[in-house]
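The values are calculated or read from the model by the stated rules, or taken from the named source; none is laboratory data. This is a predicted model, so every value here is computed, not measured. Cβ placement follows ideal geometry from the backbone for every residue including glycine, while neighbour counts extend to all protein chains displayed.
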Amino acid sequence: MKNLLFFLTLFVGFVQSISAEIPSKEREALVDFYDSTDGAHWTTTWNLDADVSTWHGVKVVNDHVVEINLFRNNLKGTIPKSISQLKNLVSLNLAFNGITGALPTEITKLSRLKVLKIEMNRIKGALPIGIGNLKNLEELTAFNNFLSGSIPESIGQIKNLKILNLSSNALKGNIPTSLGSLTELEVLGLFENTIDGVIPSEIGNLGKLKELVLANNRIGGEIPYELAQLTNLRIFQIQNNKLESFNNLQYINKDQFLVFDFDKGNLNTNFKDIDFNKTRMAETEFEENGQ
């Protein structure tokens, strides 16, 4: 009998651990998000009467929501301010949906967030000034939205950032010099905005940078000499800007490029030694995947 009671106790404890409730604030935040983005009409919806751990795209670890992946799930509406209640969130993927409205400033309270993917939506307004509070962020992709305003200087505080893609928006102003502090950065995409000013020399500090895509903006001045320090750079696109001098390209190792797109009519004769047969034109289509 004692053994039976012992195993029953273990079984009850096991069942409780599986269906353990997340904090009420987190559940309320999820339901608020569901309501705010027309959850009833998602491609794969949530059964609000079922355990949260069974909800599509939601991952629960140690009774806390750590991941939401609703990639291409027909979300419509806005991201609510209550998203900040999901304080243990590590990954938020809302890419390829129909989300509108502005990115709430409250999202900057998700201090554990490592991945924020909001590309291919209809999000408008400025990036939150406090975006730099997301100090653990490693990937921020927000291309193909309607973001406006300038890129906040605080973005340079996200020291672990590896991927930053803000292409195809309506961003304006200068490229922040603070980007030079992102020494882990491997991909920087600012393609097709209305960014002006010059390419800051601080970009030369990004020793791990593999992709630098600045095409289709209003960037002027000259190519900074410091870009010669980017020995890992493989994709470099600067075409369709207002650059006035390409002279410093002579200090860059031309053989390192897989993609090198520029305004050929402005190329100085000093660069006749570049073997453009070794380069290829960049693919401008974005990959559609839920990773």
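What the table shows:
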| quantity | calculated |
| --- | --- |
| Within the range 166-241, strands (runs of 3 or more DSSP E) holding 1 or more residues that are farther than 20 Å from residue 255 by Cα, under 21 Å from the mean Cα position of the chain (by Cα) and not polar (S, T, N, Q) | 170-173, 187-189 |
| The range 24-82: number of residues that are among the β-branched types (Val, Ile, Thr) and part of a loop (DSSP other than H, G, I, E, B) | 6 |
| Evaluation of residue 156 against (1) surrounded by fewer than 22 Cβ atoms within 10 Å (Cβ to Cβ); (2) part of a loop (DSSP other than H, G, I, E, B) (one fails), failing number | (2) |
| Given (1) surrounded by 19 or more Cβ atoms within 10 Å (Cβ to Cβ); (2) among the small types (Gly, Ala, Ser); (3) not in a loop (DSSP other than H, G, I, E, B), index of the condition residue 95 fails | (3) |
| The range 182-229, subset crowded, with 18+ Cβ neighbours inside 10 Å and small (Gly, Ala, Ser), residue nearest to residue 139 (Cα to Cα) | 189 |
| Residue list for the range 42-55, restricted to those being farther than 18 Å from residue 85 by Cα and either surrounded by fewer than 11 Cβ atoms within 10 Å (Cβ to Cβ) or hydroxyl-bearing (Ser, Thr, Tyr) (or both) | 43, 44, 45, 47, 49, 50, 54 |
| Lone qualifier among 79, 22, 68, 83 - being modelled with pLDDT of 95 or more, over 16 Å from residue 106 (Cα atoms) and within 23 Å of the chain's Cα centre (by Cα) | 68 |
| Residue list for the range 120-151, filter: aromatic (Phe, Trp, Tyr) and touching a Ser or Thr at 6+ places or on another chain (Cβ under 7 Å) | 143 |
| Per-region count, the range 98-130, residues in a helix (DSSP H, G or I) and either crowded, with 16+ Cβ neighbours inside 10 Å or of a type in the set (Gly, Ala, Ser) (or both) | 6 |
| Pairs, first closer than 10 Å to residue 183 by Cα in the range 199-212, second in a loop (DSSP other than H, G, I, E, B) and acidic (Asp, Glu), C-beta under 9 Å, six or more apart | 206/184; 206/186; 208/184; 208/186; 209/186 |
| The range 139-153, residues that are outside any strand (DSSP E or B) and either crowded, with 18+ Cβ neighbours inside 10 Å or not charged (D, E, K, R) (or both) | 142, 143, 144, 145, 150, 151, 152 |
